[in-house]
Amino acid sequence: MRFWLIFKILLHPLRWAQDRIDAWVMARVKRQPGPIAITRNRVYILPTRFGYFFALMLLVMLLGAMNYSNSMAFLLTFLLAGIALVCMHHTHANLVSVQLRAGNCEPVFAGETAHFELRIDNPSPTPRYSLAASWPKLEEHAVPGDVAARGSGLFMLSLPAGHRGWLEGRVFSVSTEYPLGLFHAWTWAELDMRCLVFPKPAAHGGEPPAAGGHGGLASSDRSGQDEFAGLRSYRRGDTPRSIHWKSLPKLQHPMVKQFAETLEQDLWLDWSALAALEVEARLSQLTRWVLDAEAARRNYGLRLPGTLIPPGRGDAHRFACLKALALYDADAG
Amino acid sequence: MNEYLPLVSLWRLLAVLALVISPHVLRLPVWETALIAAVIGWRALAAYKQWRLPPVWLKLGLTALAFIGVLWSYQGRISGQNAGTALLCVMAALKLLEFRDRRDVMVVVFLMYFMLMTHFLFSQELWTVAYLIVCVVATTAVLVECQHRGALAPRFTLRKGGAIALQALPLMLLLFILFPRIPGPLWGLPADAGAARSGLSDRMAPGDISSLIESDETAFRVTFDGAVPPPAARYWRGPVFDNFDGRAWEEGFATLVPGYGPEVDLRGRPVRYEITLEPNRARWLFALDMPDESSIPEDAILGREGQLLARKLVRERRRYTLTSFTDYRMAQTPQHPRRYLRLPDGFNPRTLDFAQRLRDQYPQDLDYARAILRIFREQPYVYTLQPPALGRHSVDEFLFDTRRGFCEHYSSAFAVLMRAAGVPSRVVTGYQGGQLNEFGGYYVVRQSDAHAWVEIWVAPDGWIRIDPTAAVAPERIEQSIEAALSELEGLPGHLSARTRLRYYLEARWDLINAQWNGLVLAYGPELQQQFLSRFGLDDMRRMILTLTIAITGTLALLGLMLLRKAAPARTEDAALREWHRLARKLTRAGLPPRPAEGPQDYVERVAAARPSWAAALRHIAGLYLHSRYQLDPETAPLRELAHAVRSFRTS
């Protein structure tokens, strides 16, 4: 065991040191609502692979300069060594005192990729270059970006959304290797970020049921589109054309003519109609129906155990339904 | 970071690579220069036209060919300084053929830093400092650019690279001065290390010395300690030649035994001086005629013939102090008198004949010598830099036909005439004179001061110096080479008449170079010890300790400066600053402001949560709003606000 450790230290000193620091820090990172100010004592810095290579090159140059007793070679070697040391401070200062705050996170369907928005604010008068935000171990894929002086930059943290419910953001790193790529400065932070993951929609094809209870309509009725079906009270949004003017003097409030077609759009998507399926499959099917109903511009309501969303349509309605599906019995799931 | 590089970034990298390689081009074989230029050009075009990079077999083939080419150009010596540099340059260029992403940029940039260093193996003159700084800044700018996704403006990257290099300069100086130096070499130098061969050679044929006059390079610089001998006594003794092959003089037999120097009777006042000799890739150390054997450097030998030699080739500039006596008697009898009389058969018959006849008139050796000098002086002999070419009987042709010659013609002819009459003689080469640098108080002896004279052995005085050139052109000895040559000669530029301004500039520049050489290039273990012991830093441990403290301190200052720049900008508005101060206090108490919350809403929310603070907070909010939105800034209750915020306690 100890031998293995020594082996690792010798083989990958950089990775070993960074892992140790990371483990130490990660245990101490607190989840915060933000904004989080990156202070000096939160920034860690180590040479990169190129940094070590650069040091090796300097050593060879130093030996060469000694061998030839060449003063100009000494000057060059020492200038480059100075540049490396100065670069360390530049890299460090490139990260210090930015502020992190969570941005939006658009809900996604299970199986898709959730994009957590991370806002990096730079309250200082110095622009920051090539900052990258990433989850642990995924630094390679991070896309670096700049943040202007007294400005703000938008960064994306992507995480695959496995299953429905709340997808919590994890500890992430913000890092930079600017300006010379010899040093890697990074910090760990955890913001209150979460992404709503809707259930994965079931495959196309399952027709919405002739919803149980009231309002069930056979498709044969569709022929009588203009067939008068009755009156109901006026609601905002009804067209003047549909108002039943004749009854207005008598009833003192407007009534609206209802036709068969209008009636049949109140579709009920009911949990209990899918008793044959297990829970997740039921939710997937309901999700599919919500999407289909929305696409067909029909009014629909959702009935889940303990939840009832009256019929309606539009983005807010769709969101309410999907959210109810996503969070159905979330503690158990 | 394994992304492709933007096109302009690649072009900039290629331009910087060309800049770094450019000084090497003078030294590289022509084919290699052409290959490097072709590869750089092709890569620039390939990126623009989006051509595919060459396949592996082509890259390998080219690499192997380049390797063989370097081997062939440098006679199979791959380890030497020249061959090594050539290999490095061509390999860096060939790396471009597989150059794709940012990682390759790093590799090429590191190669460029390395190539920069190899340049200094060939030249360390003052201008190379400018070259070093320009190249380091440009290369660092390339590195900055490759750390960024998009292309950056060169103005920006150069400024960033320049700023980093500028901030690194103090560290460089600290390291240069304090980093403990150990005497090199560590593993031995390649045979071709150091400067190229220059200056006097180990043989003297007609035309050899006059060709040196063309060079205005410095041979050495001399600082006298005390009285300076007059120009006519400033003979800097170098190689001594005793063997004449009919045309050229060579060193035939030299007695080089430590402690077995010339038997000389040194008289008069000693002259102490320090010489800084430029590297000449020869063993000669020049000394004022005649050095005191007890004063010579440890690693030098004073030969029996009075020539001072270093044990090893002088590859680097070296400094040594000597004591000489311009008045001396070298009374020793020649060990092998015959070798100073030997003349090759079948050469210069007219000269031998003439010598016999003249000798009959002057049986005394010295009278005979004076007679020859008189002939040189009174007959139409000309001292010229452009003597006519001479054939097989070079001395005959010079003495009787052309009568135009430079110091090597006169000294050679004189020595032959002496030998033909049975007087032992030898030719001494070296330098004569030297020009004062008024600003530095030292004398510069240039290659153009190269000279040749003769020593003859006369009983009972022994070896005495005779300078036949002095008979023809006394100005050469008493003044300088420029004075002795007529303006019609078409003098090399550096010898033409000097205006006061030109002298001033030249002397200043030479002084700067001398100081550069003496302070920077010569800064090694000895000079470091000498310099640092003045500050009590005479051992390595103290040096390292001081270095560490100084570097840490400098870096800490730099870090503070950078952190200040990175700190959140100070708010301009005084009232807003106080408000932020309050918000920080409340944040610490667990009640941070919400992003879209005005001062009044915030205060009311906090007041609702902590009724005991309500009065104070409302007061502060009132003062703040009053200060911030007051039309007349004069009456703003800033002081009151500051006081209220400071005295507000959350605990």
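Values quoted throughout were computed directly from the atomic coordinates according to the rules given, and no laboratory measurement underlies them. Just so it is clear, the structure is predicted and the values come from calculations on it, not from any experiment. Using ideal geometry, Cβ is built from the backbone for each residue, glycine included, and neighbour counts are taken over all protein chains shown.
To the nearest ten degrees, helix B:102-119 and the longest principal axis of the Cα atoms of chain B are 30 degrees apart. Rounded to the nearest 0.05, the FRET efficiency derived from the C-beta distance between B:D461 and B:T499 at R0 = 41 Å is 0.35. For segment B:72-174, a/c is not less than 1.5, where a ≥ b ≥ c are the root eigenvalues of the C-alpha gyration tensor, and a/b does not top b/c. That puts it in the oblate class. So how do B:T650, B:T85, A:T77 line up by other beta-carbon neighbours within 10 Å, fewest first? Ordered from fewest to most neighbouring Cβ atoms within 10 Å, B:T650, B:T85, A:T77 come out as B:T650, B:T85, A:T77. In plain terms, if you count all Cα to Cα distances in chain A and split them into 10 Å steps from zero, the share in each step is 5, 18, 19, 16, 14, 11, 8, 5, 3, 1, 0, 0 percent. Note on B:V129 and B:A232: the model spin-label points, each 7 Å out from Cα along the C-beta direction, lie 4.2 nm apart. Segment A:30-102 and segment B:607-651 have Cα centres spaced 45 Å apart. Using a cut-off of 21 Å between Cα atoms, the listed pairs A:K137/B:K565; A:K30/A:K200; A:K200/A:K323; A:K30/A:K323; A:K137/A:K323 include A:K137/B:K565; A:K30/A:K200; A:K30/A:K323; A:K137/A:K323 as exceeding that distance. The alpha-carbon of A:K257 sits under 20 angstrom from the alpha-carbons of these aspartates and glutamates, leaving out residues fewer than 8 places away in its chain: A:D221, A:D226, A:E227, A:D238, A:D266. Per residue of peptide A:59-66, the mean number of Cβ atoms on other chains within 10 Å of the residue Cβ is 4.
Mind checking the angle between helix B:154-178 and chain B's longest principal axis? C-alpha axes, 0 to 90 degrees, to the nearest 10. With both axes taken from Cα atoms, the answer is about 60 degrees.
Less than 5 angstrom separates the built amide H of B:F406 from those of B:T384, all sequence-distant by 5 or more or on a different chain.
In summary, the convex hull built on the alpha carbon positions of chain B has an orientation-averaged projected area of 46.2 nm². For the protein assembly as shown, the share of alpha carbon pairs falling in successive 20 Å distance bins from zero is 10, 25, 24, 18, 11, 7, 4, 1, 0 percent.
Within the protein assembly as shown, A:C87, A:C321, B:C89, B:C135, B:C146, B:C407 have no other Cys Cβ under 4.7 Å of their Cβ and so lack a disulfide-compatible partner by this rule.
Summarised in one figure, the compactness ratio Rg/Rh of segment B:525-566, Cα atoms and Kirkwood Rh, is 1.23. The calculated 222 nm mean residue ellipticity attributable to helices in chain A amounts to -10500 deg cm²/dmol, summing -39500 (n - 2.57) over DSSP H runs of n ≥ 4 and dividing by all residues. Straight-line reach from B:K95: taking Cα to Cα under 30 Å and skipping same-chain neighbours fewer than 8 places apart, the lysines in range are B:K49, B:K59, B:K160. Charged side chains reduced to their Cβ positions (Lys and Arg at +1, Asp and Glu at -1) give the protein assembly as shown a dipole of some 3620 debye around its Cα centre. Taking chain A as a Gaussian network, Cα atoms linked when under 10 Å apart, which of A:L100, A:L304, A:L283 shows the biggest mean-square fluctuation? Of A:L100, A:L304, A:L283, the most mobile in the Gaussian network model is A:L304. Let me have the relative contact order for segment A:1-122, percent, based on Cα pairs under 8 Å that are six or more residues apart. This gives 27 percent for segment A:1-122. Largest GNM mean-square fluctuation across A:H141, A:H92, A:H163, computed for chain A with C-alpha springs under 10 Å, falls on A:H141.
Taking the centroid of alpha carbons for each part, segment B:137-214 and segment B:376-390 are 46 Å apart. Computed over segment B:203-500, the Cα gyration tensor eigenvalues convert (square root of 5λ each) into semi-axes of 29, 24, 17 Å, ordered from largest to smallest. Counted over the protein assembly as shown, the DSSP beta bridges are approximately 90% antiparallel. As a rough footprinting exposure proxy, the listed residues A:F155, B:F535 were ranked by other beta carbons within 10 Å of their own, and the order from fewest upward is B:F535, A:F155. When shorter helices are ignored and each DSSP H run of at least 4 residues is given -39500 (n - 2.57), the per-residue value for chain B at 222 nm works out to -14500 deg cm²/dmol. Among B:H626, A:H184, sorting on how many other beta-carbon atoms sit within 10 Å of each Cβ, with the fewest leading, yields B:H626, A:H184. Taking the Kirkwood radius as Rh and the Cα radius of gyration as Rg, segment B:574-647 has a ratio of Rg/Rh equal to 0.95. Our estimate of slack between B:M561 and B:L527, defined as 0.36 nm per intervening residue step minus the Cα-Cα distance, is 8.8 nm.
Between the helical axis of B:500-515 and the dominant principal axis of chain B, each derived from Cα atoms, what acute angle in degrees is found, rounded to the nearest 10? Taking Cα atoms only, the helix is inclined about 70 degrees.
With all pairs of separate Cα atoms included, segment B:7-178 yields a Kirkwood hydrodynamic radius of 17.1 Å. Remark: spin-label model distance A:R31-B:R594 equals 2.2 nm, labels positioned 7 Å along the Cα→Cβ axis.
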